[in-house]
Each structure stands twice: as C-alpha cells, then as structure tokens.
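Visitor: My questions all concern the structure below.
The values are calculated or read from the model by the stated rules, or taken from the named source; none is laboratory data. The model shown is predicted, which means the values in this text are computed figures rather than measured ones. Cβ coordinates were reconstructed from backbone atoms using ideal geometry, including for glycine residues, and neighbour counts include every protein chain displayed. Heads up: the accessible areas ignore ligands, DNA and RNA and are worked out on the full protein's heavy atoms, side chains in. Shrake-Rupley method; radii C 1.70, N 1.55, O 1.52, S 1.80 Å.
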Amino acid sequence: MADTKPVTQLQFAREGTITPHMRRVAERDGIDPELVRSEVEAGRMVIPANINHKALDPIGIGKAASIKINANIGNSAVESDIDGELEKLHLAIKHGADTCMDLSTGGDIDGIRQAIIDASPAPIGTVPIYQVITSVEGDEDWTAEDLLNMIEHQAEQGVDYMTVHAGILTEHLPLVNGRITGIVSRGGALMAQWQLERHRQNPLYEMFDAVCDIAVKHDVTLSLGDGLRPGCLADASDAAQFAELDTLGELTKRARERGVQVMVEGPGHIPMDQIVMNVERQQEVCDGAPFYVLGPLVTDIAPGYDHITSAIGATMAGMAGASYLCYVTPREHLGLPNAADVKEGVIAYKIAAHAADIARGFPGARDRDDALSRARFDFDWNEQFALSLDPETAKHMHDETLPDDYFKTAEFCSMCGPKFCSMHVTREIQRTTGLGEIPLEAKN
C-alpha cells in the first residue's frame with residue numbers, strides 16, 4: 001500500500017509504539033504495557049479497535065491477557081427490535097461480556113448495528129455475509145463485489161472485528177460427505193452454496209488482499225471463520241475441519257504481512273478428550289494467533305442446557321490455550337435468545353473463563369475467590385454478594401428463605417441452620433479455645 005502511516009494496533013506495535021489502547025489493555029488486565037505491545041507485534045494478541053468506534057473501551061485478546069468472552073446478540077427475520085437488542089447489549093456488558101457480535105439478519109440491520117456501536121464500550125463484531133444475503137431482492141443473487149462492499153460499509157460504521165469465511169475452499173467441500181450434520185456454520189453453508197452453484201472458488205479467498213486493505217484502513221480485526229466446524233461430536237476433528245484450518249493458517253500469515261490484526265475461530269462440538277489436541281493444533285498451524293472457540297459443546301443430548309454443556313468444553317479449551325470464548329445460551333439449537341438467555345449464557349461463560357484463568361495461573365485470577373471465601377467464613381453476606389459474579393441472584397436466593405434482617409447477619413444459611421453449619425461450628429471452636437485461625441501448615 002502507498003500510505004505507510006500506521007493505522008492498526010499491529011502496525012503501531014511493529015514500529016515500537018505503545019498506544020493508548022495498549023496501555024488501557026495493560027491496565028485492565030494488570031500486565032505490563034510493553035508485554036501488550038510485544039504480543040500484538042508477534043500476532044499472539046489482538047486489540048479489536050475500529051478507528052470509527054468512538055465509544056470503545058479497548059480489550060486485549062491473547063494468551064498473555066485474561067480470557068475474554070463474547071455474547072452474540074442481534075435480531076432475526078422473525079423478530080426485529082432495536083430496543084430489544086440494546087437491552088441485550090446492556091445486559092451482556094453488565095454481567096461481564098467483553099465483546100458482543102451483532103448477528104442481525106432482518107429488519108433495519110444498519111440502524112440496529114449503528115445503535116449498538118454508538119452505545120457499546122465493548123468491541124462489536126459482525127458476519128458481513130449475513131447482511132449481504134438479507135439485502136438481495138427476491139431471487140436476485142449476490143456477487144463477490146457485494147460482499148466486499150458490505151465489508152467496507154460495516155468497517156465505516158465502526159465494526160471492530162468481522163468473521164470472514166475465507167478458508168472454506170471448493171476442494172474441501174467433498175470432505176463433508178459422510179458427516180451427520182453437514183455444514184453447520186451459517187456463513188460457511190452460504191459460502192459453500194455460492195461456490196457450488198457457480199463452480200467457483202471462495203471469493204473471500206480470492207479477494208483476501210482486498211479484504212485486508214479494507215481492514216488496514218479502519219483497523220478491523222479479521223476473525224477467520226471456521227465454516228467447516230463440526231456440528232456434532234461424531235463430526236469432530238475430521239478431514240474437512242482440519243483442511244480448512246490449514247488454509248486459515250495460510251491466511252493468518254497473509255493478513256499479518258499486510259498489517260492486519262487476525263484471530264482464528266474454532267470448532268463448536270468436540271468430545272472432551274479431543275479439546276486439548278484441537279487447541280494445540282490451531283496454535284501450531286496458525287502461529288499462535290488468538291483462538292476464538294464456540295464452546296465447544298462436549299455432548300449433544302442436552303437441548304435447553306447447552307450453556308452448560310458448552311461451558312464445560314470452554315473451560316478446558318481456555319485452560320489449554322484458547323484466548324476467547326464465544327458464549328452459548330440455553331436456547332442454542334432451539335431459537336433466538338431473549339434477554340434472560342443472554343444473561344444465562346454470559347454468566348456461564350464468565351465462570352468458564354475465570355476457572356480457566358485460575359487453572360492456567362493467570363496472575364491475580366484467584367484473588368477474588370480468596371476474598372469471597374474469607375467473607376463466606378466471616379458470614380459477611382453483603383461482601384459475598386458484592387464479590388459474586390451475579391450479586392442480585394445470590395442475594396435473592398439467600399433472602400428468599402431467610403428474609404428477616406436478623407438472619408442476614410446470622411452465622412448460618414437456611415440449608416444447615418446454626419447447629420449444623422460447619423463454618424459456624426469452626427468459628428465457635430476458635431472463639432472458645434482461643435486457637436484462632438488454623439495455621440497454614442496444618443491446612444496443608
């Protein structure tokens with residue numbers, strides 16, 4: 001490109017500049033700003049930060065940072081309501097979502113997205129092909145140029161990161177034969193359909209340099225979509241999935257060469273015994289690029305509870321090296337999530353990310369747990385509520401069975417009462433014997 005002035009966080013990092021965004025990332029995660037800069041330079045961390053997103057409070061995604069979670073919001077062709085999507089956005093951020101993706105597929109998509117970007121301090125992502133499909137009239141077809149124009153349009157709106165399904169090549173498609181669930185990625189299926197109908201290669205792959213040029217201009221982080229991800233346990237870790245992964249590794253290098261921040265999306269359904277292998281393989285093939293996983297779900301038999309089945313896999317993936325977890329709500333596979341579903345999904349994934357941070361030894365990750373444990377032993381109910389992931393729910397559950405003010409300061413809850421509460425009994429032992437807190441060496 002003719003203009004060599006840095007625009008992207010990757011370009012600034014390469015010239016040795018610690019940007020205000022890098023300093024904010026360091027502040028939020030309690031790490032050194034130079035570590036942030038060096039990790040961005042190496043491509044192991046991304047800071048999704050479109051220069052047009054004025055309300056942004058930046059976050060870092062990478063192994064040197066705390067594990068981040070994403071909440072998908074957006075309407076459908078059946079349900080369209082800007083106020084409803086803004087409610088989901090605020091609820092997701094309130095309960096700890098680090099980013100949100102607007103996956104709207106109907107109604108006033110531009111208006112909904114602009115309202116979300118203007119209101120959101122968190123990075124906002126999209127899947128541009130969705131709006132392309134929605135915008136065509138009747139039997140009219142979309143073109144490769146339509147897709148490229150949409151990517152530029154959304155970049156100008158302020159979208160911080162975009163899922164582009166550039167790695168699903170025509171030669172990969174026969175490898176899907178024999179799968180139980182075929183192609184489950186919406187963007188992947190739409191792209192495969194376009195390729196097969198025209199007997200052409202993936203236009204995003206063919207135009208990838210042009211996509212990168214748009215990304216560099218606005219500092220859009222590319223999230224390389226896994227269009228051939230497995231949609232059930234039986235399809236996990238197959239030839240189609242890994243063929244696409246190899247292409248994503250190639251595209252990761254090409255994007256970095258052009259100064260584009262890039263992360264790689266990962267599979268959705270994987271048996272637990274294959275999760276570590278999948279993460280390690282992605283890290284090797286994609287040269288340490290941040291891994292963005294949907295779940296993964298570790299069983300297929302729990303519709304209505306897939307926020308739980310996927311949070312189990314997400315915890316293991318995070319512990320193994322995934323940097324970014326896309327939440328799954330209880331309504332996965334069943335319908336468009338409502339506000340309550342968004343909250344359930346976010347809380348489940350905050351638990352998964354936090355547990356993984358503790359397991360991998362991220363500095364300070366357990367401090368909050370230890371503080372809550374001390375408050376629990378001291379029967380400081382208000383401090384317990386304040387330190388919990390969802391204070392309102394914790395307080396409601398406690399007060400529902402012990403509503404009297406006396407019981408809010410009591411050394412027991414309604415499960416055990418005063419005679420059977422082990423912590424109360426322990427505190428009585430300490431008070432009556434003068435032993436005080438049990439020595440640390442005795443605990444071990």
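Visitor: For a test of the definition: using alpha carbon positions, the gyration tensor, and the 1.5 limit on a/c, classify the range 165-292 as rounded, prolate or oblate.
Guide: Working: a/c = 2.23, a/b = 1.23, b/c = 1.82.
Oblate, because a/c is 1.5 or more while a/b does not exceed b/c.
Visitor: Using Kirkwood radius over Cα pairs in Å as the read-out, say which of (1) 23.9; (2) 24.6; (3) 23.1 was calculated from these coordinates.
Guide: Here the calculated entry is (3).
Visitor: Compute, for GLU171, the solvent-accessible surface of its heavy atoms (probe 1.4 Å) with the complete set of protein chains present, and express it in square angstrom to the nearest 10.
Guide: 110
Visitor: Follow-up question, since we're still on this one. Using a Gaussian network model of the chain whose springs link C-alpha atoms within less than 10 Å, name the residue from ALA240, ALA122, ALA410 with the highest mean-square fluctuation.
Guide: ALA410
Visitor: On to the next question. Can you give me the % of accessible surface on the chain that is carbon or sulfur? Probe 1.4 Å, all protein chains present, nothing else counted.
Guide: 54
Visitor: Something else: For the range 60-71, in order, what is each residue's ³J(HN,Hα) by Karplus, 6.51 cos²θ - 1.76 cosθ + 1.60 with θ = phi - 60°, in whole Hz (x at glycine and Pro)?
Guide: For the range 60-71, the Karplus-derived couplings read x, 10, x, 5, 7, 9, 5, 6, 9, 10, 10, 10 Hz, x marking Gly and Pro.
Visitor: Could you calculate the contour length gain from THR393 to ASN149, that is, 0.36 nm times the residue separation minus the distance between their Cα atoms, to one decimal place in nm? Don't skip to the answer; put the middle values down first.
Guide: Numbers: separation 244, 0.36 × 244 = 87.84 nm, distance 4.50 nm.
Additional length available on full extension: 83.3 nm.
Visitor: Excluding ligands and nucleic acids, what accessible area in Å² is computed for ASP141 using a 1.4 Å probe, to the nearest 10?
Guide: The accessible area comes out at roughly 70 Å².
Visitor: Right, here's the next one. Check ILE69: other-chain or 5+ apart residues with amide H under 5 Å from its amide H, H built from backbone geometry?
Guide: Amide H neighbours of ILE69: ASP98, THR99, LEU325.
Visitor: Mind checking which of VAL25, ALA359, THR329 is farthest towards the positive end of the chain's charge dipole, using Cβ charges of +1 (Lys, Arg) and -1 (Asp, Glu) about the Cα centre?
Guide: ALA359
Visitor: Can you give me the span-like helices of the chain, meaning DSSP H runs with 24 Å or more of Cα extent along the axis and Kyte-Doolittle mean at or above -1.0? Walk me through the numbers on the way to the answer.
Guide: On the way: long enough: 239-257 (28 Å, -0.57); 339-359 (30 Å, 0.62).
TM-like helix candidates: 239-257, 339-359.
Visitor: Additional query: In what order, largest first, do ASP209, ASP108, ASP273 sit by accessible area if the probe radius is 1.4 Å? Please list the in-between numbers first.
Guide: Working: ASP209 65, ASP108 85, ASP273 130 Å².
Putting ASP209, ASP108, ASP273 in descending order of accessible area: ASP273, ASP108, ASP209.
Visitor: Per residue, what accessible area does the chain have, given a 1.4 Å probe and all protein chains present, in Å²?
Guide: Details: 19370 Å² over 444 residues.
With all protein chains present, the chain gives 44 Å² per residue.
Visitor: Another question about this same structure. Would you calculate, for the chain, the mean residue ellipticity at 222 nm contributed by helices, counting each DSSP H stretch of 4 or more residues as -39,500 (n - 2.57) and dividing by all residues, to the nearest 500? If you can, show how the numbers build up before the last one.
Guide: Working: 20 runs with 218 residues, N = 444.
-15000 deg cm²/dmol, from helical runs alone.
Visitor: Would you work out if the range 163-216 is rounded, prolate or oblate? Take a ≥ b ≥ c from the square roots of the eigenvalues of the alpha-carbon gyration tensor; rounded if a/c is under 1.5, else prolate when a/b is larger than b/c, oblate otherwise. Present the calculation step by step, with values, prior to reporting the outcome.
Guide: Working: a/c = 2.67, a/b = 1.86, b/c = 1.44.
Judged from the Cα gyration tensor, the range 163-216 comes out prolate (a/c at least 1.5, a/b above b/c).
Visitor: Nearest-5 percent of antiparallel DSSP beta bridges in the chain?
Guide: 5
Visitor: Hey, another quick one. Peptides 310-321, 86-97: what's the order by average Cβ count within 10 Å, highest mean first?
Guide: Details: 310-321: 25.1, 86-97: 19.7.
Packing proxy ranking, top to bottom: 310-321, 86-97.
Visitor: Please list, ordered by chain and number, the residues whose modelled amide H lies under 5 Å from the amide H of GLN261; skip anything fewer than 5 residues away on the same chain.
Guide: LEU10, LEU222
Visitor: Under a Cβ-only charge scheme (Lys and Arg +1, Asp and Glu -1), can you give me the dipole magnitude of the range 269-361 about the Cα centre, in debye to the nearest 20? Walk me through the intermediate numbers first.
Guide: Details: 5 positive and 10 negative charges, 47 e Å.
Charge dipole of the range 269-361: 220 debye, to the nearest 20.
Visitor: Around LEU294, which amide H atoms from residues at least 5 apart in sequence, or from another chain, sit under 5 Å from its own amide H, with H modelled in the peptide plane?
Guide: Correct list: GLY266, CYS326.
Visitor: Going by the alpha-carbon gyration tensor, a ≥ b ≥ c the square roots of its eigenvalues, is the range 253-344 rounded (a/c under 1.5) or, if a/c is not under 1.5, prolate (a/b greater than b/c) versus oblate? Walk me through the numbers before you get to the answer.
Guide: Details: a/c = 2.90, a/b = 1.65, b/c = 1.76.
Oblate, because a/c is 1.5 or more while a/b does not exceed b/c.
Visitor: Determine the order of CYS416, CYS421 by accessible area, beginning with the largest, at a probe radius of 1.4 Å.
Guide: Working: CYS416 55, CYS421 15 Å².
Ranked from most to least accessible, the order is CYS416, CYS421.
Visitor: On a full-extension model of 0.36 nm per residue, what is the gain between GLU197 and ARG28, subtracting their alpha-carbon distance, rounded to one decimal in nm?
Guide: Values: separation 169, 0.36 × 169 = 60.84 nm, distance 4.78 nm.
The span from GLU197 to ARG28 would gain 56.1 nm if fully extended.
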